[in-house]
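The next block holds one structure in the form of structure tokens; read it before the comments.
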Amino acid sequence: MRAGASGAMKEVTWAERVAEARAEGGIVFQKNDLPIVCIRHDGAVLEHEHADHPDYKFPVEVEFVGEKPDTFHDQCVRKDKRPTHYGSECKIEWDHERNHAFCATCEATLTAAEQVHILSYSVAEVEASTYEPHDEALIYSDASVAVTLHECCYTMWHRRDGVFLHGPEWSKTWRLTKEACEKIWGQKDEKR
């Protein structure tokens, strides 16, 4: 949100933010002409969070292969019971110090139970999203292995099924997707 010429608050789109960063002289890291997905603190715009790495080649997708926890159960909410006042359709004004919330869209004061439901459901959604496939920056590959960079951590993957070889502890339950293996090594691996 930004104040417009009239002083009223206006939603700023991602395209507008990217255009503004470019106009202000932000360095562009778009080696593969992919859409910009990151604007760094210094104004640089990047097609991947690590597109400025000197050995960056292109993004590759990894997928979770461990046992996913039921994040909704862990938060004591049901995934199919979305809160009444939730998401972009409801504008909620929070006053956490006074344990008060008001839905300006519906013009309704939320009960304590509704507030807890919204907050717990939100935490469950965020936690569940951490198990969704994501892109990592490919920075090295040879005939047998690939090395990626994600959130400043390096991970090594084996060509055979894209399985984890070495890296941070959390990477052990992830692997390169079939499409990522094909993108890196240029052929379909029939073992998958």
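Values quoted throughout were computed directly from the atomic coordinates according to the rules given, and no laboratory measurement underlies them. This structure is a prediction, so every number in the text was calculated from the model and none was measured. Note: ideal-geometry Cβ built from the backbone for every residue, glycine included; neighbour counts use all protein chains shown.
At-a-glance table
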item: Test item: Cα-centred dipole of the stretch 21-154, Lys/Arg +1 and Asp/Glu -1 on Cβ, debye; result: 300 debye
item: GluC sites (Glu not before Pro) within the stretch 128-192, DSSP loop, no more than 14 other Cβ atoms inside 10 Å; result: Glu151, Glu190
item: Förster radius 30 Å - calculated FRET efficiency between Glu107 and Arg78 (Cβ-Cβ, nearest 0.05); result: 0.65
item: Pair Glu24, Arg160: separation of 7 Å Cα→Cβ label points (nm); result: 5.0 nm
item: Farthest positive-ward along the chain dipole, Cα basis, beta-carbon charges - from His100, Val45, Leu149; result: Leu149
item: Structure-based [θ]222 nm, the chain - -39500 (n - 2.57) summed over DSSP H runs of at least 4, per residue, nearest 500; result: -6000 deg cm²/dmol
item: Entry for Rg/Rh (Cα atoms, Kirkwood Rh) (calculated from the structure that is shown) out of (1) 1.07; (2) 0.95; (3) 1.05; result: (1)
item: GluC sites (Glu not before Pro) within the stretch 9-44: DSSP coil, no more than 13 neighbouring Cβ in 10 Å; result: Glu11, Glu24
item: Listed pairs Lys79/Lys172; Lys10/Lys31; Lys79/Lys178; Lys10/Lys79; Lys10/Lys91 exceeding 22 Å between Cα atoms; result: Lys79/Lys172; Lys10/Lys31; Lys79/Lys178; Lys10/Lys79
item: Candidates per GluC sites (Glu not before Pro) in the stretch 28-82, loop by DSSP, up to 16 other Cβ within 10 Å; result: Glu67
item: Inter-label distance for Lys31 and Lys178, nm, one decimal - labels placed 7 Å from Cα along Cα-to-Cβ; result: 2.8 nm
item: Antiparallel content of DSSP bridges confined to the chain, in %, to 5; result: 95 percent
item: Relative contact order, percent, the chain [alpha-carbon distance under 8 Å, six or more residues apart]; result: 18 percent
